[in-house]
Each structure stands twice: as structure tokens, then as C-alpha cells.
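All of the numbers you see were taken from the coordinates with simple rules; none came from a lab. Just so we're clear, the structure is a prediction, and the values are computed from it rather than from any experiment. Cβ placement follows ideal geometry from the backbone for every residue including glycine, while neighbour counts extend to all protein chains displayed.
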């Protein structure tokens with residue numbers, strides 16, 4: 001493991017998540033233990049149904065574990081109520097989704113500024129910070145466009161700008177290039193890599209070995225368990241294309 | 001998220017769905033317009049009815065022949081000769097009484113003037129009738145004591161009756177008309193009191209009581225005695241004085257019921273205004289139903305909107321929206337639609353109140369209390385309609401919402 005618990009941003013101890021579907025139980029996570037340090041870049045890989053999305057939801061405080069302990073920046077998240085979780089998501093976590101999840105009918109600028117509305121930031125400052133974030137992802141010329149007028153790669157960059165606008169330490173990405181062509185994917189890779197080099201902690205779910213190769217660490221999840229946790233150099237040497 | 005932010009967000013959202021917003025608001029527009037105009041018509045009806053009754057005579061007490069129904073038992077039916085001219089004369093010296101008019105009506109009298117004719121009611125009465133029932137003469141003169149004393153065949157006509165004979169007051173005064181074939185000289189026409197249809201106060205013929213009794217009804221009995229009191233506050237006092245006087249004149253023992261009944265104009269006014277208030281409330285009820293239906297429309301549209309925006313809601317939760325932020329967003333949208341509809345509805349309502357009133361012959365005007373009632377009801381409707389969708393949206397699980405296809 002990288003880092004000790006003292007400097008770890010995210011710590012999971014025997015995390016379990018059980019869904020009840022009528023009579024039957026689905027054990028999405030069967031006891032997962034990990035520690036992710038501030039500034040690390042981690043790829044989570046695994047077949048569909050392995051529990052990696054469930055893990056990401058727990059990491060992002062969108063869901064609560066059925067058992068086990070999850071510490072966010074040293075705070076036991078079991079003690080957080082819904083409003084605290086929402087505030088933490090707002091300020092400390094940026095989300096990037098496979099299908100972008102931008103709100104159509106609102107401009108790129110309004111989409112990016114949305115988290116600041118919930119943070120209670122004044123309108124003028126919101127606009128300024130949203131401009132900066134769009135500038136950072138190279139879309140300062142598309143600020144007043146509706147998402148429907150943007151390409152997939154551009155939409156994902158808007159989504160990344162939205163994730164960054166509250167300057168969170170952590171960015172959680174769920175298949176960020178899953179809906180993109182290879183050119184756009186490459187753009188998004190390098191953008192994420194650059195953000196990571198500037199100090200952002202990056203946790204990415206991906207099927208794409210190229211993203212995994214760029215991560216410092218790869219967690220492989222199968223049947224609700226972490227089956228391997230190795231640095232990506234080892235992963236690359238094991239035969240994945242760089 | 002502040003209400004201001006929620007408002008801004010809702011306005012953007014409603015603009016992008018302008019057609020749907022307009023159709024949803026239409027229900028409220030119709031409800032509010034109906035409420036404003038029907039309240040106006042209801043109040044106009046009440047005012048018209050009240051003023052018409054007031055025009056029949058102020059401080060008026062009517063003594064009617066025949067027993068009143070007291071305790072469900074009709075007392076002394078047919079045992080007394082009920083009212084006579086002597087009874088009327090006996091009321092004159094009572095304290096607080098300004099004028100007493102004996103009245104004997106004959107209904108369905110055919111009036112013929114030249115080649116024209118009309119049917120109306122003939123009332124035998126005395127000069128005091130003008131005071132008691134608030135009539136003034138526009139052309140000619142009213143009945144005089146001499147004409148009553150001599151049983152002259154003279155008549156005073158109401159302006160509507162004259163119009164029904166296709167004549168002007170100036171033309172008819174001085175001519176002779178036939179009442180059921182008996183010639184009468186027209187000596188005067190009264191000023192119009194206003195009114196139409198049933199019980200029109202301007203459609204009548206007055207003749208001396210003695211003449212009517214001699215020529216039409218026979219005997220000396222009266223149907224009613226109209227009494228005008230000096231002071232409206234003295235009506236109760238005058239009523240009991242009249243009752244005591246008539247009971248003693250009719251020789252009624254203590255256990256016997258009155259063989260006449262007393263109705264004051266105030267009682268009539270109360271009854272009439274109660275009835276028109278009932279009518280008004282009925283109209284308000286109908287309009288309120290329209291508004292409630294409009295509210296259901298809002299609730300329905302908002303529920304559809306929540307379904308359509310599940311992923312947006314999930315995303316907003318992921319980026320930090322709390323339950324109350326999401327709830328507020330939907331609640332504010334519903335309230336904006338209802339208030340926007342209310343604003344337009346008030347304008348439409350104010351504009352149509354006059355024409356709607358005219359269509360039912362009532363001088364109607366939108367009133368401020370009516371507008372305020374409609375406006376605040378629609379605010380309430382918006383809040384109630386938005387509550388369920390807002391709660392549904394706020395309660396969505398973020399993980400499921402993000403997965404929703």
C-alpha cells in the first residue's frame with residue numbers, strides 16, 4: 001500500500017455492501033480494504049458486475065456501506081448525516097461520469113457553476129470561477145453553448161470543469177472515456193494526467209488499459225473483492241500496451 | 001441554495017419548456033379569471049338586489065292580512081275579518097309612525113289605452129302610499145284625499161306600464177284608460193325606480209282605495225297596510241305597538257295567535273342578502289373548483305417533470321445539492337407557474353367581469369378583495385401542487401437516480 005493511514009485521503013476497512021432485491025440478497029462488495037493517499041492516481045478495473053461501481057459510489061459518499069468503516073480525510077463517514085455528505089461531495093469530491101450528465105437547456109458556464117450554487121457562492125464569483133475552470137479545460141470559447149451543441153469530448157471537458165470548480169482534492173471518474181472516440185479519449189487522458197500532475201487525487205474506473213497504464217496504481221476488483229493491488233509499472237510489464 | 005437561486009433556475013427551466021409551462025398555467029389562468037369575475041358578478045348581484053329592495057321603501061313595515069305560521073300551527077284561520085280601513089286608521093296616531101297606507105291589490109287587470117293594452121296589477125290605496133313606498137310623481141299628481149273621499153275613478157300609473165302602452169307620461173296624463181273595462185282618468189305617472197322582470201316596482205296602477213273596493217273587490221277589507229316609521233331604530237317598538245293595537249281591535253285573547261303578520265323591510269333585506277350571499281358563495285365554489293383543477297394540472301406536470309429529470313436530480317445530488325435544495329427547486333417551479341397564471345388570470349378576470357355581468361344583467365365590477373382572494377388561493381394551490389413532486393424529487397436515491405435510463 002502507498003502511504004500510511006495518517007496521510008491517507010481515503011481509507012476503507014472491510015467495506016461491504018449488500019443490496020436486498022425482494023427475497024434475495026446481492027452482495028456487491030464482500031469486504032474491501034484499501035488506502036488511497038492524497039495526490040495518488042488509482043485505476044479501478046474489473047469486469048461488469050464486479051462491484052467497482054458500487055465501490056466508486058461508496059468512495060463518493062453517494063452510498064453507505066452495509067458493514068465496515070470508510071474514512072474520508074480521517075473522518076469516519078458513518079458519522080456524517082445526508083447534509084454533511086452533500087457538503088463534502090460539494091467541496092471535496094469532483095465527479096466525472098461516462099455519459100457526462102450535463103443539464104441540457106443550461107449553458108456550459110451554468111453547468112460548470114452549478115456546484116458553486118450549492119456551495120452558496122455569490123453569482124459574480126461563480127461566473128468568474130466557472131470561467132477559470134472552463135479555461136483550464138480549454139473551452140473558454142464555448143462558455144455560452146448548450147451541451148447539445150458540443151461534441152462528446154467537449155462535453156466531457158465541461159463535466160471535468162464542473163468537477164474542478166470547487167477545487168476539490170479528489171476527482172472520481174466512472175469510465176470517463178467510455179462514450180468517446182479515440183481522439184477525444186486521448187484528449188481526456190492527457191487532461192486528467194495533467195490535473196493529476198498538478199496534485200489532484202484521481203480515482204478512475206476504466207476498462208481502458210491505456211488509462212490504467214497511466215495510473216500509479218491499479219486495483220482489480222472481482223466478485224466484490226480486491227484481487228490485486230499493484231503499481232501500474234508492474235501492470236504495464238505484465239503485457240498491457242502502453 | 002437560496003430561494004433567489006431556485007427562482008433563477010426555475011425561470012430558465014420554465015422558459016426552455018415554454019409551451020408546456022403555458023398550457024400548465026392555463027388551468028390556473030382560467031381558475032383565477034373565473035374566481036375574479038364570478039366574485040364580481042356575485043357582489044354585483046347582491047348590491048343590485050339590496051338596492052332594489054331598499055328602493056321599495058325605507059323604514060317600511062308591512063302588515064299582512066291573515067295569520068302568520070307560528071310554531072307550525074296556523075292560528076285563527078278565517079276567524080277574523082283580518083284587516084280593515086278602520087284598522088289602518090287606528091295605526092295613524094301610534095307613536096313613531098310617519099305614514100299609514102291601506103292597500104288592496106287586484107291582480108291581472110287589463111289596462112286599455114286607445115288601441116294599446118297591457119296587463120298589470122291594480123292597487124287601491126291612499127295618498128300616504130307615495131310616502132310609505134317611496135314613490136315620486138314625474139308627471140301630473142299623485143292621489144289626493146279628496147279623490148279617496150269621493151271614490152273618484154282616477155289612476156296613477158307606473159312608468160313601465162305607460163311604456164307597455166306605447167305612450168309617454170306626457171301623452172297619457174289627462175287621458176282616460178279602461179281598467180277591466182271601467183274608465184279611469186290618468187292623473188299622474190311616477191318616477192322610475194329601476195328594475196325589471198318579476199315584481200318590477202315600476203309596473204302598476206294605483207287608484208283610490210274606496211274606488212277599488214267599490215268597483216272591484218267589494219267590502220272594506222284590506223290585503224295589507226303599509227306603515228312607514230320615523231326612525232329605523234324604532235321599528236321594533238313600532239311593531240309591538242301595531243301588534244298590540246291590532247290584537248285588541250280584533251279581540252284576540254292572550255292564548256290566540258295573531259290573525260295578521262308583520263314584515264319589516266329590514267327582514268326582507270336580510271333574507272335577500274342571505275340568499276344572494278348563498279348565490280355568491282355558490283359561484284365562488286364553482287370557480288374554486290376550476291382553480292383546484294388547475295392545481296392538479298400543475299402537480300401532474302411537475303410529477304412528469306420529476307420523472308424526466310431523474311438523472312439531473314442524481315447529478316445535482318452528486319455535485320452537492322441537499323434534499324432541501326432539490327425540493328426547493330421543484331416547489332419554486334410550481335409556485336412560479338401558479339403565480340404567473342394568477343397574474344394573467346387576474347388581468348383576464350378584470351377584463352371579462354363587466355361583459356359577464358352585462359350578459360346576466362348585473363352591474364358587475366372586479367373587486368380588490370376578490371382579486372386578493374384569487375391571488376392568494378392560487379399561491380396556496382401552487383404550494384400544495386408542488387409539494388408532492390418536490391418531496392418525490394428530494395427523496396430520490398442519488399445512486400439509483402444516476403443509473404436511471
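Descriptive notes on the structure:
- Altogether, the Stokes-Einstein calculation at 10 °C and 1.306 mPa s, with the Kirkwood radius of the range B:357-405 over Cα pairs as Rh, returns a diffusion coefficient of 109 µm²/s.
- Computed P(r) (all Cα pairs; the range B:275-405; 10 Å bins; percent): 12, 34, 24, 16, 10, 4, 0
- Cα gyration tensor category, rounded, prolate or oblate, for the range B:184-295 with a/c compared to 1.5: oblate
- The distance between label points at residue B:3 and residue B:121 comes to 5.9 nm (points 7 Å beyond Cα on the Cα→Cβ vector).
- By the beta-carbon count within 10 Å of each Cβ, the least crowded to most crowded order of B:4, B:167, fewest first, is B:4, B:167.
- For A:223, A:81, the sequence from fewest to most other C-beta atoms within 10 Å is A:81, A:223.
- Considering only chain B, percent of DSSP beta bridges that pair antiparallel, nearest 5: 85
- Beta bridge orientation in the range B:130-269: antiparallel %, DSSP, nearest 5: 70
- Our compactness index for the range A:1-114, the C-alpha radius of gyration over the empirical 2.2 N^0.38 Å, is 1.18.
- Annotation: the antiparallel percentage among DSSP beta bridges lying fully within the protein assembly as shown is about 70.
- Helix axis angle, B:265-308 relative to chain B longest principal axis, alpha carbon, degrees: 10
- The angle between the Cα long axis of helix A:152-164 and the main principal axis of chain A comes to about 80°, on a 0 to 90 degree scale.
- Measure of compaction for chain B (Cα Rg per 2.2 N^0.38 Å): 1.52
- Modelled spin-label separation between residue A:82 and residue A:99, with each label point placed 7 Å from Cα along the Cα-to-Cβ direction: 2.4 nm.
- Choice from B:181, B:294, B:42 with maximal GNM fluctuation in chain B (Cα, 10 Å cutoff): B:181
- Among B:224, B:45, B:141, residue whose mean-square fluctuation peaks in a GNM of chain B (springs only between Cα atoms under 10 Å): B:141
- Cα-based helix-to-principal-axis angle, A:82-92 vs chain A, degrees rounded to 10: 70
- Distance distribution P(r), the range A:162-226, all Cα-Cα pairs, bin width 10 angstrom from 0: 19, 54, 25, 3 percent.
- Computing Rg and the Kirkwood Rh from the Cα coordinates of the range A:134-195 gives a ratio, Rg/Rh, of 0.93.
- Residues A:129, A:20, B:328 arranged by fewest to most Cβ contacts within 10 Å: A:20, A:129, B:328
- Relative contact order for chain A, counting Cα pairs under 8 Å that sit 6 or more residues apart, in percent: 26
- Each principal axis of the Cα cloud of the range A:66-151 was evaluated for its coordinate range; sorted largest first, these ranges are 46, 29, 22 Å.
- Whole-number D in µm²/s for the range B:81-249 (Stokes-Einstein; Kirkwood sum over Cα pairs; 10 °C, 1.306 mPa s): 97
- Working note: Cα atoms of chain A, range along each principal axis, descending, whole Å: 46, 44, 40.
- Of the two radii for the range B:212-255, the radius of gyration is 1.11 times the Kirkwood radius, both from the alpha carbons; that is the Rg over Rh value.
- For residue B:240 and residue B:383, the difference between the fully extended length at 0.36 nm per residue and the C-alpha to C-alpha distance is 45.8 nm.
- Sequence ranges B:361-371, B:332-342, ranked by mean other-Cβ count within 10 angstrom, highest first: B:332-342, B:361-371
- Using R0 = 51 Å, the C-beta based FRET efficiency linking residue A:14 and residue A:122 works out to 0.75.
- Expressed as a fraction of 2.2 N^0.38 Å, the C-alpha radius of gyration for the protein assembly as shown is 1.72.
- Each Cα pair under 8 Å and six or more residues apart adds its sequence gap; the mean of these over the residue count of chain B is a relative contact order of 30 percent.
- Helical contribution to [θ] at 222 nm, DSSP H n ≥ 4, -39,500 (n - 2.57), averaged over chain A, rounded to 500: -10500 deg cm²/dmol
- Inter-chain Cβ neighbour count for A:83-93, averaged per residue, equals 4 (cutoff 10 Å, partner chain atoms only).
- Sites residue B:263 and residue B:358 - FRET efficiency at Förster radius 41 Å, r taken between beta-carbons, to 0.05: 0.80
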